[in-house]
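Report on the structure given below.
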Amino acid sequence: SDGTYLLTKRSECKETYPGFWEASAGGSAVSGEDPLEAGMRELLEETGLTPDYMELVDICFKDSNKTMFYSYLVGVSCDKDSVVLQDGETTEYKWLDKEAFLAHVDSEDSMKAHNLRYEKYINTLR
């Protein structure tokens with residue numbers, strides 16, 4: 001609610017992008033869940049946070065593994081220290097202001113695949 005962005009550091013034991021910082025919480029929907037419900041559940045599991053709102057910013061299909069990605073911008077109003085990391089998923093977290101977030105997106109250490117899914121939103125920030 002204060003305009004900052006939450007980044008979490010992926011566990012070193014993750015198969016893809018181990019140790020990378022990401023501005024997302026995600027995973028697969030379970031049977032019976034729609035994309036919004038899955039996103040809310042994943043956010044709660046990976047950060048302990050409950051959203052005030054979730055705004056759909058993009059949908060894309062990755063043909064190589066037949067996966068549909070629903071990407072949301074999530075708003076939360078919470079104490080900055082209330083993040084609860086999920087064991088085996090994330091190891092650290094930090095909050096960034098807009099300028100620091102954009103610097104992260106532009107850095108070599110950002111997850112380019114994630115940036116592409118949020119490209120429209122990132123471009124509106126610029």
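Of note:
- Most fluctuating residue given options 38, 100, 113, as computed from a GNM of the chain linking Cα atoms under 10 Å: 113
- One chain, two ends: residue 65 and residue 87. Fully extended at 0.36 nm per residue, the span grows by 5.3 nm beyond their Cα-Cα distance.
- Amide hydrogen neighbours beyond the local backbone of residue 76, cut-off 5 Å, H modeled: 52
- Tensor-based shape of the stretch 1-46 (alpha-carbon gyration tensor, a/c under 1.5 rounded, otherwise prolate or oblate): oblate
- Relative contact order of the chain, pairs being alpha-carbon contacts under 8 Å that are 6 or more residues apart, as %: 31 percent
- Residues in the stretch 18-126 average 61 Å² of solvent-accessible surface per residue, probe 1.4 Å, ligands and nucleic acids excluded.
- Whichever lysines have a C-alpha closer than 18 Å to that of residue 62, once near sequence neighbours (fewer than 8 apart) are set aside: 112, 120
- Within the stretch 19-126: Cβ-based charge dipole about Cα centre, in debye rounded to nearest 20 (Lys, Arg +1; Asp, Glu -1): 380 debye
- Cα-based Rg of the chain normalised by 2.2 N^0.38 Å, two decimals: 1.01
The values are calculated or read from the model by the stated rules, or taken from the named source; none is laboratory data. No experiment lies behind these values; they were computed from the predicted model shown. Positions of Cβ are generated from backbone atoms using ideal geometry, with glycine treated the same way; all protein chains shown enter the neighbour counts. Just so you know, the surface numbers come from the protein's heavy atoms only, side chains and all, with ligands and any DNA or RNA stripped out. Shrake-Rupley method; radii C 1.70, N 1.55, O 1.52, S 1.80 Å.
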